[in-house]
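Engineer: First the structure, then my questions, so here it is.
What follows draws every value from the coordinates through simple rules; no lab data is involved. Here the structure is a predicted model, which is why all the values come from computation and not from measurement. Using ideal geometry, Cβ is built from the backbone for each residue, glycine included, and neighbour counts are taken over all protein chains shown.
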Amino acid sequence: DYPNGAEKVFEDKKVVVIRDQEGLYAISLICTHLGCVVARHANEFTCPCHGSKFNGRGKVTAGPAPKPLQWLKISQLPDGRLMVNAAKQVPMGTKFIIST
């Protein structure tokens, strides 16, 4: 469901899942400034409330956000489906490796 280069925004969960050649990763769409929902544009995230900007990995490029967007844990369920745990933050760069 996720070919290399694919990304899917789950608006109801406020998360985006992105696939690159190394694996899948999930980034929260909740701004670290005051909790607004950021928008995904090309290879960056922007906050419509107060103007914070983040690069494609969620790192702050313009304030007032004090911290990067959170990367979230992806795990595989017993039935093979993937799950994003929005309550479990992982270090930036952590990817779910897809075995072939």
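Engineer: Between Thr94 and Gln21, what is the label-point separation in nm under the 7 Å Cα-to-beta-carbon projection?
Structural biologist: 2.5 nm
Engineer: Given the options Ser52, Ser75, Ser28, which has the most mean-square fluctuation in a GNM of the chain, springs set between C-alpha atoms less than 10 angstrom apart?
Structural biologist: It is Ser75.
Engineer: Okay, moving on. Please pull out the direction-averaged projected area of the chain, using the convex hull of its alpha-carbon atoms, in nm² to one decimal place.
Structural biologist: Spelled out: convex hull of the Cα atoms, projected over all directions, averaged, 6.4 nm².
Engineer: Could I ask something else about it? Kindly write out, for the stretch 36-49 in residue order, the coupling ³J(HN,Hα) from the Karplus curve 6.51 cos²θ - 1.76 cosθ + 1.60 (θ = phi - 60°), rounded to whole Hz, with x marking Gly and Pro.
Structural biologist: Listing the rounded values in order: 5, 8, 7, 9, 9, 9, 6, 10, 8, 10, 10, 9, x, 7 Hz.
Engineer: Expressed in nm to one decimal, what extension gain is obtained for the pair Ala42 and Arg57 from 0.36 nm per residue of sequence separation less their Cα-Cα distance?
Structural biologist: Contour length minus the Cα-Cα distance gives 4.2 nm.
Engineer: When the Karplus curve 6.51 cos²θ - 1.76 cosθ + 1.60 is applied with θ = phi - 60°, which whole-Hz ³J(HN,Hα) does each residue of the stretch 29-34 get, with x for Gly and Pro?
Structural biologist: Computed from phi, the couplings for the stretch 29-34 are 9, 9, 5, 7, 7, 10 Hz.
Engineer: Next question, about the same structure. What distance in nm separates the simple spin-label points at Ala86 and Asn4, each placed 7 Å from Cα in the Cβ direction?
Structural biologist: About 3.2 nm separates the two model spin labels.
Engineer: Then there's this: How large is ³J(HN,Hα) for each residue in the stretch 64-71, as worked out from phi by the Karplus curve 6.51 cos²θ - 1.76 cosθ + 1.60 (θ = phi - 60°), to whole Hz, x for Gly and Pro?
Structural biologist: Computed from phi, the couplings for the stretch 64-71 are x, 4, x, 9, x, 5, 6, 8 Hz.
Engineer: Here's a follow-up. How big is the charge dipole of the chain about its Cα centre, in debye rounded to the nearest 20, if each Lys and Arg gets +1 on its Cβ and each Asp and Glu gets -1 on its Cβ?
Structural biologist: Here the chain has a charge dipole of around 280 debye.
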